Amino acid sequence: MKKIFLLLLITTLITSCKPGGNQTQNNGADKPIITVTIEPLRYFTEAIAGDQFTVISMVPKGTSPETYDPSPQQLVDLAKSKAYFRIGHIGFEQSWIERLTDNAPHLPFFDTSLGIDLIYDDTHPPHHHDEAEDEASAEAHNHASGVEPHVWNSTTNALIIARNILTALCTIDKANDSAYVERYNSLCGQIENTDSLIRQILSDPTTDRAFMIYHPALSYFARDYGLHQIPIEAGGKEPSPAHLRDLINTCKKEKVRIIFVQPEFDRRNAALIAQQTGTQVVDINPLAYDWEVEMVNTAKSLKKE
């Protein structure tokens with residue numbers, strides 16, 4: 001009898017020491033997954049979802065969502081997600097959204113740009129992407145060219161994105177809707193506080209009212225705060241020598257002090273313009289996870305010390 005007891009005791013001890021013996025340690029790995037397009041959208045989604053979901057970005061840090069192609073493993077992993085949250089109109093989504101939906105036909109896709117007053121180029125009339133649009137109209141609009149896609153770089157738009165995330169989360173997980181509403185309200189308070197801080201910074205009379213930027217990612221930011229964004233890119237391409245001369249003249253005329261450059265783009269043309277005009281090249285990262293920090297730092301860069 002003693003031998004049997006000792007054998008059972010040894011077996012129990014060995015089992016408890018094996019990896020996975022304590023199942024409570026693996027609960028985090030068992031959380032359902034939500035896939036989003038970019039890191040700022042992961043920031044908003046995690047703020048509302050809390051610990052109910054693991055949120056994964058499709059476009060990795062340091063890569064451009066305008067041109068990124070997902071890996072085969074990402075496409076396999078996507079099928080394990082509970083839902084996909086798209087930012088709206090970024091290049092990656094325009095190129096891949098149909099293939100992503102074909103690859104995971106069971107997966108619900110949510111457009112977090114619904115309701116945003118979109119910016120179009122000169123060849124497209126203004127259009128308000130309204131939630132009341134019928135499905136066919138919305139699908140056609142999603143594939144329209146000429147939309148300025150960087151909708152998240154705006155406190156006004158961020159509130160709309162947050163509301164759309166809340167709606168999506170309550171759709172796929174009704175049981176926890178009260179927790180989502182509570183965290184949504186908290187996030188909205190943070191966004192409104194960020195907006196107030198930015199307005200306070202930009203209210204200084206010495207703050208620049210115009211800035212140059214390599215890739216025009218701050219169109220909505222500029223609209224929110226009455227600023228003039230001057231992009232170096234011409235139609236998504238490197239500027240010609242003639243366009244570079246025009247940019248140098250514009251820079252001097254509008255008394256531009258700052259040229260913003262993003263990490264995923266070549267900075268040689270920005271450096272050339274800075275050399276000719278005495279402006280300062282400033283690194284920003286509108287695709288960073290820390291949305292609030294990036295927004296405030298961008299505003300601070302426009303304020304003269």
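Rule-based calculations on the coordinates, nothing more; no lab input. Please read all numbers here as calculations on a predicted model, not as lab measurements. A quick note on method: Cβ atoms are made from the backbone with ideal geometry, for glycine too, and the neighbour counts reach across all protein chains shown.
Per-structure values
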| quantity | calculated |
| --- | --- |
| Two-site label geometry, residue 167 and residue 249: point separation in nm, points 7 Å out along Cα→Cβ | 4.7 |
| Charge context of residue 39, other residues only, Cβ under 15 angstrom, K/R +1, D/E -1 | -4 |
| Computed lengthening from residue 177 to residue 199, 0.36 nm per intervening residue step minus Cα-Cα distance | 4.7 nm |
| Which of 82, 237, 303 has the fewest Cβ neighbours within 10 Å, and the rest in rising order | 237, 303, 82 |
| log10 of Debye I(q)/I(0), alpha-carbon scatterers only, for the range 32-106 at 0.16, 0.24 Å⁻¹ | -0.52, -1.19 |
| Length-normalised contact order for the range 204-301 - Cα pairs under 8 Å, 6+ apart - percent | 26 |
| Semi-axis lengths (Å, descending) of the ellipsoid that matches the C-alpha gyration tensor of the range 204-301 | 21, 16, 12 |
